[in-house]
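The values are calculated or read from the model by the stated rules, or taken from the named source; none is laboratory data. Note that the coordinates shown come from a computational prediction; the quantities given were computed from them, not determined experimentally. Using ideal geometry, Cβ is built from the backbone for each residue, glycine included, and neighbour counts are taken over all protein chains shown.
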Amino acid sequence: MATIRKRGNTYQIRVSCGYDTSGNQVIQTTTWKPEPNMTARQIEKEVQKQAMLFEEKCLKGQITANVKFETFAEQWFEEYAKLNLRHTSYERMRQLTQRVYPAIGHLRLDKITGRHVQQFINDLALNGKSMKTGKPLSRKTAIHHLSFISDVFSYAVKMDMLSENPCRKVTVPKGEKKEKEIYTLEEIEVLFRLLETAPLKYRTFFTLAIYSGFRRGELLGLEWKDIDWEHNVISVRRTSNYTADKGIYTDTTKTKKSQRSLKFPPMVMDLLKEYKSEQDEEKVKLGSKWIDYDRLFVKYDGRPMNNNTPYFWFTEFCKENNFRFCDIHSMRHFYASALINEGVDAAAVSGALGHSVISTTTSIYCHAFQQAQARASDAIASVLDFSSKGKQGA
């Protein structure tokens with residue numbers, strides 16, 4: 001039963017919510033202030049209504065007096081994140097706590113407002129610095145932090161601990177949009193020539209990256225049994241990832257639609273056959289020291305290649321050859337742009353990239369699709385103009 005106390009020109013409403021694990025009574029309180037022009041009768045009626053509403057919230061568990069954000073976030077990690085998120089996502093969320101906890105971790109869950117979160121996100125987006133390099137944080141980093149905070153609050157709402165998520169109205173400040181680092185077709189042609197003298201392992205890796213648009217983890221997760229030699233098809237069925245606590249480990253694909261099969265030209269398949277012969281020779285040389293994981297891209301003894309190895313090798317390769325460096329993911333962007341420029345429709349591009357929804361593809365490659373649409377417009381204008389001239393000549 002709620003109790004009401006008049007304190008000056010406000011009313012304090014108190015509700016007993018039982019006892020905690022230490023045997024201490026848990027009391028929830030809220031304050032209600034009447035409007036200036038309300039009569040005594042109106043005040044009495046309204047305060048009783050507010051007391052009843054507050055008591056209902058308490059009974060539903062929607063008031064969390066003693067739960068701080070950090071405490072509840074740790075519960076979220078144990079009860080939800082660890083069971084439902086991919087390990088890489090879980091680890092990324094863990095890293096985000098380094099900034100989130102000092103900012104709002106000490107605040108009670110039910111006392112955090114959208115303004116608290118907005119101020120944190122604004123400061124992060126405008127003044128945040130990388131803990132490793134000291135460089136300004138990207139807008140995407142601010143978005144990741146907001147998503148983490150929102151996920152925790154959404155779980156609290158789902159568990160009937162809160163009635164709404166304060167992140168719902170929070171916005172991330174617009175930042176300067178950086179153009180994606182993508183190789184041109186001319187640069188790709190030069191790269192292929194340079195790769196001709198590279199170790200066969202890396203020539204195969206980067207050729208496959210360019211021709212497939214596979215993510216790095218998908219490339220490293222490929223196994224020889226994923227190749228259909230008869231039909232020149234390669235299937236993505238898993239990923240290879242790395243975290244400090246687990247080391248190199250095998251995981252599911254990013255989404256269900258990331259599990260896909262693509263057909264490759266004979267040139268790529270011939271390169272793969274040559275590479276497999278080389279790997280088989282190495283396997284024979286090492287004998288019992290070879291650890292068979294069936295992976296395409298491995299260390300000297302057959303164990304899965306470290307996720308950063310292709311990046312570091314390519315960095316040095318570009319320096320040695322005075323070639324512009326773009327990270328490995330840029331080859332995925334090149335692949336997508338090449339498909340779009342050739343007139344491949346959005347649904348097919350999305351399927352080839354393994355995106356879960358087409359809107360992801362059209363959003364990321366909006367500029368490329370706009371250029372393709374412009375060319376289509378020019379083409380139809382050219383046809384109609386030709387038709388018009390023909391009629392005039394007649």
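Cβ separations smaller than 9 Å between residues 6+ apart or across chains give the following pairs from the range 92-104 residues that are within 18 Å of P166 (Cα to Cα) to residues that are loosely packed, with under 15 Cβ neighbours inside 10 Å: A103/Q119; A103/D123. Among all residues of the range 125-134, there is none that is in a helix (DSSP H, G or I), charged (D, E, K, R) and farther than 30 Å from E282 by Cα.
Among the residues of the range 215-228, not a single one is more than 15 Å from F297 (Cα to Cα) and β-branched (V, I, T). If you check T71 against the conditions, is it in a helix (DSSP H, G or I), surrounded by fewer than 16 Cβ atoms within 10 Å (Cβ to Cβ) and among the hydroxyl-bearing types (S, T, Y)? So T71 passes the test.
Among the residues of the range 280-314, the ones that are surrounded by 14 or more Cβ atoms within 10 Å (Cβ to Cβ), farther than 12 Å from L220 by Cβ and out of contact with any Lys or Arg (no Cβ under 6 Å at 6 or more places or on another chain) come to 5 in all.
Just so you know, in the range 68-91 the residues that are among the polar types (S, T, N, Q) and free of Cβ contacts under 8 Å to residues at least 60 places away in the same chain include one that is farthest from L162 (Cα to Cα), and it is S89. Residue check: A347 meets all listed conditions (1) more than 18 Å from F214 (Cα to Cα); (2) surrounded by fewer than 18 Cβ atoms within 10 Å (Cβ to Cβ) but one, namely (1).
Suppose we filter D292, D378, D345 for residues that are of a type in the set (D, E), modelled with pLDDT of 75 or more and under 24 Å from L185 (Cβ atoms); which single one remains? Of the residues listed, the single one that is of a type in the set (D, E), modelled with pLDDT of 75 or more and under 24 Å from L185 (Cβ atoms) is D345.
Between L126, L85, L109, L53, the distinction of being closer than 30 Å to K246 by Cα and outside the structural domain of G217 (by TED's automatic domain parsing) belongs to L85 only.
With respect to E35, is the statement that it is surrounded by fewer than 12 Cβ atoms within 10 Å (Cβ to Cβ), in the same structural domain as V152 (by TED's automatic domain parsing) and either under 24 Å from I104 (Cβ atoms) or modelled with pLDDT of 90 or more (or both) true? No: the conditions fail for E35.
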